[in-house]
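**Student:** Below you'll find the structure I mean.
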Amino acid sequence: MSALKRMMRVSNRSLIAFIFFFSLSTSCLYFIYVAPGIANTYLFMVQARGIMLRENVKTIGHMIRLYTNKNTTLNGTGGFLSVNVSEISFDEVHQLFSKDVDIGPGGHWRPKDCKPRWKVAVLIPFRNRHEHLPIFFLHLIPMLQKQRLEFAFYVIEQTGTQPFNRAMLFNVGFKEAMKDNTWDCVIFHDVDHLPENDRNYYGCGEMPRHFAAKLDKYMYILPYKEFFGGVSGLTVEQFRKINGFPNAFWGWGGEDDDLWNRVHYAGYNVTRPEGDLGKYTSIPHHHRGEVQFLGRYKLLRYSKERQYIDGLNNLLCTPKVLVDRLYTNISVNLMPELAPIEDY
Ligand code: UDP
Ligand code: MN
């Protein structure tokens with residue numbers, strides 16, 4: 001009896017022990033089973049908190065930056081220049097640039113700290129706008145230096161009494177500039193146009209470029225989609241391919257529209273600077289006795305037919321070339337006979 005009782009007690013105790021160890025091991029197994037999930041959830045929460053915290057710090061940093069440099073970007077002005085159109089004498093401008101010994105004859109400059117991306121000839125058609133030239137150089141030279149371009153200036157001056165022929169002057173200037181150096185990009189630049197943003201890059205591209213997209217005198221609005229006046233730029237290759245400007249536009253107007261047509265007939269498109277980069281200030285001036293070219297509408301109707309009979313290929317002239325310290329002066333007495341064409 002006592003033996004049975006002892007057995008019963010033992011088996012009672014072992015039953016309890018069994019239950020105890022069973023529940024302990026199942027709890028352990030359960031814990032082992034769920035632990036990774038709990039750990040994962042916990043880790044995820046920690047990570048999410050971290051991400052949120054970093055985002056907050058970023059946002060706060062951004063707001064602080066915005067607050068401290070209101071309306072400005074990296075260099076403080078977004079590339080916008082202060083344009084000074086007040087009169088200045090050539091002597092003063094010569095004096096100012098005399099300190100820069102890297103400017104060679106003809107205003108030829110190249111960066112020393114890098115290989116320039118473009119070798120740019122800047123052509124300026126000119127007659128009797130002497131007050132504009134020094135303002136122009138004062139503004140353009142520092143900008144082109146900042147853009148790390150190799151460049152020089154060619155002022156093509158029309159003498160004689162014929163009506164002004166901007167387009168033919170550009171053709172003459174192009175030929176002379178190419179005799180002078182191996183330029184690969186040519187900028188056709190009115191003397192009275194001053195870029196307002198020095199990030200308006202005066203290099204060329206795959207396509208001809210119209211730089212002067214937003215003029216102050218047109219309330220910074222492109223006057224019409226095909227407008228190609230003021231400042232434009234083509235690679236030497238592109239300019240040769242379109243046969244240059246027409247020579248037959250005597251007097252004000254139309255030659256820039258004809259250039260637009262030529263560019264498109266040759267299969268190109270025109271690019272322009274983004275947004276406000278193409279803003280320009282124009283120096284106010286009067287049209288002193290300059291005549292409008294009334295025949296321009298007729299010529300423009302025949303742009304395509306005339307493209308390869310009038311341009312670089314029918315122009316023959318030997319202008320007078322004088323090298324100043326800041327630019328090369330090319331002067332020429334333009335006459336229709338210098339660009340002979342049967343059906344004028
Ligand atoms: N230009 C010049 N003398 C003139 C007429 C024109 O030097 O008598 C040159 C000058 O570079 C000028 C450009 O040709 O910026 C365009 O002429 P203009 O300024 O008369 O054109 P508008 O301002 O009316 O577009
Ligand atoms: Mn003008």
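The values are calculated or read from the model by the stated rules, or taken from the named source; none is laboratory data. What you are looking at is a predicted structure, and each value in this text was computed from that prediction instead of being measured. Neighbour counts run over all protein chains shown; Cβ positions are idealised from the backbone, glycine included. These area figures cover heavy atoms from the full protein model, side chains too; ligands, DNA and RNA do not enter into them. Shrake-Rupley method; radii C 1.70, N 1.55, O 1.52, S 1.80 Å.
**Student:** Any chance segment 203-212 includes a residue that's within 16 Å of ligand 1 (Cβ to nearest atom), within 25 Å of residue 80 (Cα to Cα), touching a residue at least 40 places away in the same chain (Cβ under 8 Å) and not in a strand (DSSP E or B)? Show your work before the answer.
**Tutor:** Initial filter on segment 203-212 (within 16 Å of ligand 1 (Cβ to nearest atom)): 210-212.
Filter again for within 25 Å of residue 80 (Cα to Cα), leaving 210-212.
Applying the additional criterion that residues be touching a residue at least 40 places away in the same chain (Cβ under 8 Å) yields 210-212.
Of the ones still in play, those that are also not in a strand (DSSP E or B) are 211-212.
Yes, segment 203-212 has at least one match.
**Student:** Can you tell me which residues in segment 131-164 are more than 13 Å from ligand 2 (Cβ to nearest atom), in a loop (DSSP other than H, G, I, E, B) and touching a residue at least 12 places away in the same chain (Cβ under 8 Å)?
**Tutor:** Across segment 131-164, the qualifying residues are 147, 148, 149, 159, 160, 162, 163.
**Student:** Only residues in segment 181-192 that are touching a residue at least 60 places away in the same chain (Cβ under 8 Å) and within 16 Å of ligand 1 (Cβ to nearest atom) count as the first member; pair them with residues that are among the polar types (S, T, N, Q) and open to solvent by less than 10 Å² (accessible area, probe 1.4 Å), Cβ under 7 angstrom, at least 6 apart or cross-chain, and list the lot.
**Tutor:** Hits for this filter: 188/232.
**Student:** Output yes when any residue across segment 292-313 is open to solvent by less than 100 Å² (accessible area, probe 1.4 Å), of a type in the set (Ser, Thr, Tyr), under 26 Å from residue 128 (Cβ atoms) and touching a residue at least 40 places away in the same chain (Cβ under 8 Å), and no when none is.
**Tutor:** The answer is no; no qualifying residue exists.
Results for (1) modelled with pLDDT under 95; (2) touching a Pro at 6+ places or on another chain (Cβ under 7 Å); (3) among the aliphatic types (A, V, I, L, M), shown as yes or no for each residue.
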residue	(1), (2), (3)
211	no, yes, no
215	no, no, yes
224	no, no, no
229	no, no, no
240	no, no, no
248	no, no, yes
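**Student:** Mind listing just one residue for me: the one in segment 141-180 that is more than 12 Å from ligand 1 (Cβ to nearest atom) and acidic (Asp, Glu) and, of those, least open to solvent (accessible area, probe 1.4 Å)?
**Tutor:** 150
**Student:** Also: Which of the residues that make up segment 238-290 are near ligand 1 (Cβ under 10 Å from one of its atoms), in a loop (DSSP other than H, G, I, E, B) and open to solvent by 20 Å² or more (accessible area, probe 1.4 Å)?
**Tutor:** Result: 284, 285, 286, 287, 288, 289, 290.
**Student:** When residues of segment 115-135 are filtered for being within 16 Å of ligand 1 (Cβ to nearest atom), open to solvent by 30 Å² or more (accessible area, probe 1.4 Å) and more than 17 Å from residue 284 (Cβ to Cβ), how many remain? Spell out how you get there, then give the answer.
**Tutor:** Taking segment 115-135 as the starting set, the residues that turn out to be within 16 Å of ligand 1 (Cβ to nearest atom) are 121-135.
Subset that is open to solvent by 30 Å² or more (accessible area, probe 1.4 Å): 127-131.
Then drop every residue that is not more than 17 Å from residue 284 (Cβ to Cβ), which leaves 127.
Within segment 115-135, residues that are within 16 Å of ligand 1 (Cβ to nearest atom), open to solvent by 30 Å² or more (accessible area, probe 1.4 Å) and more than 17 Å from residue 284 (Cβ to Cβ) number 1.
**Student:** Shifting gears a bit: If residue 106 meets every condition in (1) away from ligand 1 (no atom under 16 Å from the Cβ); (2) out of contact with any Phe, Trp or Tyr (no Cβ under 9 Å at 6 or more places or on another chain) apart from one, which number is that one?
**Tutor:** Answer for residue 106: the failing condition is (2).
**Student:** Which members of segment 300-311 meet the condition of being assigned to a helix (DSSP H, G or I) and in contact with a Lys or Arg (Cβ under 7 Å, 6 or more places away or on another chain)?
**Tutor:** Within segment 300-311, just 303 meets the criteria.
**Student:** From 190, 184, grab the single residue that is within 16 Å of ligand 2 (Cβ to nearest atom), open to solvent by 10 Å² or more (accessible area, probe 1.4 Å) and under 26 Å from residue 264 (Cα atoms).
**Tutor:** Every option except 190 fails the conditions.
**Student:** In segment 315-329, is there at least one residue being closer than 15 Å to residue 262 by Cβ and either in contact with a Leu (Cβ under 6 Å, 6 or more places away or on another chain) or not in a strand (DSSP E or B) (or both)?
**Tutor:** Checked against the condition, which is being closer than 15 Å to residue 262 by Cβ and either in contact with a Leu (Cβ under 6 Å, 6 or more places away or on another chain) or not in a strand (DSSP E or B) (or both), segment 315-329 yields at least one hit.
**Student:** Restrict the check to segment 99-110 and report whether at least one residue is among the basic types (Lys, Arg), in contact with a Pro (Cβ under 8 Å, 6 or more places away or on another chain), more than 16 Å from ligand 2 (Cβ to nearest atom) and modelled with pLDDT of 95 or more.
**Tutor:** yes
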